[in-house]
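Notes follow the structure.
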Amino acid sequence: MNSQTAHVNGIEMRWEETGSGDPIILVHGIPTCPSLWRDVMPLIKGHRVIAWEMPGYGASIPQGEGRDISLAKQADYLLEWMKSQKIERAILAGHDLGGGVVQIAAVRQPQMVSGLFLTNAVCYDSWPVPLVSAVAKAGSVLKHAPDGSLHGLLKMIFSKGHETDAAAQASLDTHAPHYDENGGAEAFVRQAQSLNVEDTTSISDQLPSLDIPSRVVWGTADEFQELKYGERLAADLRAPLKRIEGGKHFTPEDHPEVIAAEINALGQDVKAASVAVG
């Protein structure tokens with residue numbers, strides 16, 4: 001796995017990369033970073049696999065200071081980064097906020113998206129979840145909270161979103177250090193205050209018109225993103241829906257084999273569609 005950086009329109013952008021072939025770009029959510037996909041990436045075969053980091057998140061938290069890091073703008077950043085790397089088309093995959101980002105990107109530039117993969121993604125009016133909304137509203141107080149308070153909040157999020165205590169602890173150990181190193185609670189508040197549900201509601205009526213091979217995977221016991229939203233996405237995108245029974249929110253960490261298998265299947269769908277068009 002190679003860590004890479006590039007300056008794009010004045011922003012230092014980061015990503016993790018492995019493999020070769022047609023590109024698949026994985027986008028994380030909150031409060032995670034590209035390491036969300038650490039166990040998924042080695043299982044995706046025959047592709048250049050890229051886990052892109054949203055500016056303002058993970059090691060790129062400093063890039064969010066004084067900058068628009070809304071989902072709508074993240075979609076712009078992603079597309080600009082793709083162009084800078086001469087990636088003309090790619091399968092886009094997203095979890096949580098990343099799912100919202102790739103939906104927006106697909107609506108804005110469908111010719112750059114060969115396939116769309118969504119797992120427990122924000123969509124329609126499904127977000128921000130109450131916990132994150134509360135952080136945004138109490139931001140002026142919370143941004144000065146000690147790091148221990150932030151760790152308690154992150155631990156609660158990961159505990160609710162994982163199926164086992166061990167998985168929740170591994171997630172905390174993976175993602176919390178970025179906050180510790182880059183502004184702590186203030187960084188998390190900045191992320192929360194950037195979220196606007198209109199970023200997805202404004203494009204939701206255009207999803208059914210996308211003619212892009214798609215797949216949806218959903219943990220059925222997700223307390224943050226209910227199954228009904230996954231069902232609606234699958235219907236609008238005319239995509240198969242893979243239910244992970246009892247699965248919670250952080251599916252790429254709890255079920256990397258299932259996620260990778262469905263992404264590999266989408267890769268085959270995209271190849272078949274390309275042959276049919278050709």
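The values are calculated or read from the model by the stated rules, or taken from the named source; none is laboratory data. Just so you know, these numbers come straight off a predicted model, no measurement behind them. Using ideal geometry, Cβ is built from the backbone for each residue, glycine included, and neighbour counts are taken over all protein chains shown.
Looking at (1) surrounded by fewer than 22 Cβ atoms within 10 Å (Cβ to Cβ); (2) in contact (Cβ under 8 Å) with a residue 60 or more places away in the chain; (3) under 24 Å from S133 (Cα atoms); (4) among the polar types (S, T, N, Q), can you tell me which one Q225 breaks?
(1)
If you take the residues in segment 29-45 that are in a helix (DSSP H, G or I) and touching a helix residue (DSSP H, G or I) at 6+ places or on another chain (Cβ under 6 Å), which one is surrounded by the fewest Cβ atoms within 10 Å (Cβ to Cβ)? Break it down into steps so the answer makes sense when it comes.
Filtering segment 29-45 down to residues in a helix (DSSP H, G or I) leaves 34-37, 41-43.
If we keep only those that are touching a helix residue (DSSP H, G or I) at 6+ places or on another chain (Cβ under 6 Å) as well, we get 35-37, 43.
Working: S35: 21, L36: 25, W37: 29, L43: 15.
Checked segment 29-45; the qualifying residue surrounded by the fewest Cβ atoms within 10 Å (Cβ to Cβ) is L43.
It is to be established whether one or more residues within segment 244-258 are surrounded by fewer than 15 Cβ atoms within 10 Å (Cβ to Cβ) and without any contact (Cβ under 8 Å) to a residue 60 or more places away in the chain. It would help to see each step written out before you state the result.
Taking segment 244-258 first, the residues surrounded by fewer than 15 Cβ atoms within 10 Å (Cβ to Cβ) are 245-246, 257.
Narrowing the set further to residues that are without any contact (Cβ under 8 Å) to a residue 60 or more places away in the chain leaves 245.
Within segment 244-258, one or more residues are surrounded by fewer than 15 Cβ atoms within 10 Å (Cβ to Cβ) and without any contact (Cβ under 8 Å) to a residue 60 or more places away in the chain.
So, of the residues in segment 134-166 that are of a type in the set (S, T, N, Q) and modelled with pLDDT of 90 or more, which turns out to be surrounded by the fewest Cβ atoms within 10 Å (Cβ to Cβ)? Explain how you work it out, then say what you get.
Step one: of segment 134-166, the residues of a type in the set (S, T, N, Q) are 140, 149, 159, 164.
Pick out the ones that are also modelled with pLDDT of 90 or more and you get 159, 164.
Working: S159: 16, T164: 11.
Ranking the qualifying residues of segment 134-166, first place goes to T164.
Can you tell me which residue within segment 209-221, out of those that are touching a residue at least 12 places away in the same chain (Cβ under 8 Å), surrounded by fewer than 22 Cβ atoms within 10 Å (Cβ to Cβ) and not β-branched (V, I, T), is farthest from M112 (Cα to Cα)?
A221
Here is a yes/no grid of residues against (1) assigned to a strand (DSSP E or B); (2) out of contact with any helix residue (DSSP H, G or I) (no Cβ under 9 Å at 6 or more places or on another chain):
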{"position": "G99", "(1), (2)": "no, no"}
{"position": "A106", "(1), (2)": "no, no"}
{"position": "Q111", "(1), (2)": "no, yes"}
{"position": "L116", "(1), (2)": "yes, no"}
{"position": "P128", "(1), (2)": "no, no"}
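Quick one: which helices (runs of 4 or more DSSP H) lie wholly within segment 201-278 and hold at least 1 residues that are under 22 Å from S171 (Cα atoms)? Break it down stepwise before answering.
Working: elements: 227-237, 251-254, 256-277.
Filter on segment 201-278 gives 251-254, 256-277.
Take the residues in segment 15-28 that are out of contact with any helix residue (DSSP H, G or I) (no Cβ under 7 Å at 6 or more places or on another chain) and touching a residue at least 60 places away in the same chain (Cβ under 8 Å); name whichever of them is farthest from A170 (Cα to Cα). Lay out the reasoning, then the answer.
First, pick out the residues of segment 15-28 that are out of contact with any helix residue (DSSP H, G or I) (no Cβ under 7 Å at 6 or more places or on another chain): 17, 19-23, 25.
Right, trim to touching a residue at least 60 places away in the same chain (Cβ under 8 Å) and you get 22-23, 25.
Numbers: D22: 31, P23: 28, I25: 23 Å.
Among residues in segment 15-28 that are out of contact with any helix residue (DSSP H, G or I) (no Cβ under 7 Å at 6 or more places or on another chain) and touching a residue at least 60 places away in the same chain (Cβ under 8 Å), the one farthest from A170 (Cα to Cα) is D22.
Restricting the search to segment 239-278, which residues are β-branched (V, I, T) and modelled with pLDDT under 95? Spell out the reasoning first.
From segment 239-278, those β-branched (V, I, T) are 244, 251, 258-259, 263, 270, 275, 277; that's our starting set.
Answer for segment 239-278, where residues must be β-branched (V, I, T) and modelled with pLDDT under 95: V275, V277.
Report yes if A176 is closer than 24 Å to E231 by Cα, part of a helix (DSSP H, G or I) and small (G, A, S), otherwise no.
Numbers: closer than 24 Å to E231 by Cα: no; part of a helix (DSSP H, G or I): yes; small (G, A, S): yes.
Answer is no for this residue.
Kindly indicate whether E226 is modelled with pLDDT of 95 or more, closer than 30 Å to D68 by Cβ and under 17 Å from the mean Cα position of the chain (by Cα).
Details: modelled with pLDDT of 95 or more: yes; closer than 30 Å to D68 by Cβ: yes; under 17 Å from the mean Cα position of the chain (by Cα): yes.
It is true that E226 is modelled with pLDDT of 95 or more, closer than 30 Å to D68 by Cβ and under 17 Å from the mean Cα position of the chain (by Cα).
Give just the number: which of (1) more than 18 Å from the chain's Cα centre (by Cα); (2) modelled with pLDDT of 95 or more; (3) exposed (fewer than 14 other Cβ atoms within 10 Å of the Cβ) does D125 not satisfy?
(1) is the only condition that D125 fails.
Could you tell me which numbered condition E186 fails, if it satisfies all but one of (1) buried (at least 16 other Cβ atoms within 10 Å of the Cβ); (2) modelled with pLDDT of 95 or more; (3) charged (D, E, K, R)?
(2)
Give the residue, chosen from A167, A192, that is of a type in the set (A, V, I, L, M), in a helix (DSSP H, G or I) and under 17 Å from the mean Cα position of the chain (by Cα). Even if it seems obvious, please write down each step before you answer.
On the way: A167 fails: under 17 Å from the mean Cα position of the chain (by Cα).
Going through A167, A192 in turn, the sole match is A192.
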